[in-house]
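Nothing in this text is a laboratory measurement; each read-out follows from the coordinates by a stated rule. All values derive from a computational prediction rather than experimental measurement. Ideal geometry is used to build each Cβ from the backbone, glycine not excepted, and the neighbour counts take in all protein chains shown.
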């Protein structure tokens with residue numbers, strides 16, 4: 001770049017020895033270029049001199065920043081290395097809970113759905129109602145059968161009691177007759193013996209001509225009369241005893257009544273069993289919450305026809321949650337039950353949750369696959385397997401919900 005003419009110094013001609021300097025012509029006044037080593041510093045050049053020194057300052061600042069970055073990276077790298085030695089980290093973890101599928105045990109038309117999704121219910125609250133009119137009529141019919149059997153049993157028991165009283169009275173009467181006949185028989189026997197003795201004595205005296213024949217006849221008549229009375233009394237005793245045996249034989253009729261009552265007892269039990277089954281069917285038509293829970297999802301609406309086993313509502317207990325973490329098999333040896341765990345929930349990054357290892361799986365998750373891979377082709381690629389570890393965690397304000405992704409850091413020290 002040529003500098004301005006007014007700022008370039010002219011070079012005087014060399015004076016020849018012995019000659020005066022010649023006057024300069026217009027051509028001689030043409031400016032000549034200065035040698036590179038004779039250029040003087042202009043004000044603009046002087047102004048750019050600090051900028052020339054600026055790269056050294058930038059290099060120093062860059063070096064300082066690089067040192068700071070390396071120090072920070074080294075610090076965090078050391079912390080990460082130390083954490084890898086003392087902790088097991090796992091991102092493949094989720095909140096888990098007991099999801100209960102409430103199903104129907106009976107078939108029928110849904111009359112009402114009493115809950116909505118995300119609603120909190122208590123144990124025993126009504127979830128779904130199914131039409132119960134037909135079941136109620138069947139229960140009423142069975143109740144009528146049971147009541148009829150009970151009434152028949154009461155009638156037989158009353159009849160049995162009446163027959164038993166009659167038989168007991170008859171037996172008592174026959175026993176009295178037997179006692180009377182036996183008493184009469186017992187009282188006549190000594191009289192007969194006495195009459196026979198008197199007759200033999202009178203007969204002996206008559207042969208000796210001591211008494212007349214009339215006395216002998218009187219003794220014979222008395223003896224014969226008493227013997228006749230004794231025979232009559234013996235016959236009456238036998239008759240009374242026979243009637244007593246007959247009356248006692250009537251007691252066997254009680255067993256007949258008892259048998260009929262026992263048969264009715266079995267029928268009553270059978271009907272009551274059917275009634276209990278029908279009442280169970282009637283109760284099952286009102287679906288209730290099995291535990292204190294929250295409604296996750298409803299699958300039916302009023303007016304739908306449901307069948308046994310069909311799911312109606314999905315619920316879970318919000319207080320009973322835990323973390324399921326799939327730990328690599330290369331890290332599982334470092335885990336022990338009870339180790340403290342920090343839990344980072346993706347949904348709440350600003351909140352801290354803690355827990356502890358509850359149990360460690362005894363089989364890899366691949367063993368539970370529906371379609372196992374036996375590798376029949378022989379091409380094998382080794383893959384790190386994972387085992388499930390359960391981590392206990394306390395529920396906080398109902399924030400933890402099954403299925404949420406979490407990251408866990410297990411302190412294995």
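Worth a mention:
- A straight line joining the Cα centroids of segment 314-341 and segment 82-130 runs 19 Å.
- Computed across segment 102-217, the Kirkwood radius stands at 24.0 Å (inverse of mean 1/r, all Cα pairs).
- Listed peptides 304-311, 172-179 appear in the order 172-179, 304-311 once ranked by packing, highest mean of other Cβ atoms within 10 Å at the front.
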